[in-house]
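What follows is a single structure, written as structure tokens, with notes after it.
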Amino acid sequence: MDEKIYKVTLADGTELAGLSMNGNNFISAVPVDADIFTANCSPVAISDGEKEEIHEHMELVQVTVVDDRYWFVLRDLTTAELEQEKMKSDIEYIAMMCDVEL
């Protein structure tokens, strides 16, 4: 396991601090509720105490409890996923403006 201590800051300013990391899993000793990530991952700041990375578009993959610790995984959305989401949003907007049910 990585010995650094991480902090994840979500879009609304919610901070998950005191995290360790194993692979791409953040590990928290305090409970992590998956609901805090909903519509709250654009952007996400991840700091290891020395440097901070800003991820513009992320999503929660999973939250798992192992030995009374909360493991969670975030991932960056791909360009293709962002383009698809934009197209879906545009179609829904046009349908709404034309009073069409999808």
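The values are calculated or read from the model by the stated rules, or taken from the named source; none is laboratory data. If you're wondering where the values come from, they're calculated on a predicted model, not measured in any experiment. Cβ placement follows ideal geometry from the backbone for every residue including glycine, while neighbour counts extend to all protein chains displayed. Note: areas computed on protein heavy atoms with side chains; ligands, DNA, RNA excluded. Shrake-Rupley method; radii C 1.70, N 1.55, O 1.52, S 1.80 Å.
Numbers for the structure displayed
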{"read-out": "Filtered residue count, the range 1-17, keeping only those that are under 11 Å from residue 47 (Cα atoms), surrounded by fewer than 18 Cβ atoms within 10 Å (Cβ to Cβ) and within 17 Å of the chain's Cα centre (by Cα)", "value": "4"}
{"read-out": "Any hit, the range 25-40, residues being open to solvent by less than 50 Å² (accessible area, probe 1.4 Å), in a strand (DSSP E or B), closer than 24 Å to residue 82 by Cα and out of contact with any Leu (no Cβ under 9 Å at 6 or more places or on another chain)", "value": "yes"}
{"read-out": "Selection status of residue 53, out of contact with any Phe, Trp or Tyr (no Cβ under 6 Å at 6 or more places or on another chain), at pLDDT 95 or above and open to solvent by 80 Å² or more (accessible area, probe 1.4 Å)", "value": "yes"}
{"read-out": "Among residues of the range 1-28, those that are out of contact with any Asp or Glu (no Cβ under 8 Å at 6 or more places or on another chain) and either among the β-branched types (Val, Ile, Thr) or modelled with pLDDT of 95 or more (or both), counted", "value": "14"}
{"read-out": "Pair list, Cβ < 6 Å and 6+ apart or interchain, from the range 49-77 residues that are part of a strand (DSSP E or B) to residues that are among the charged types (D, E, K, R)", "value": "55/76; 58/76; 61/75"}
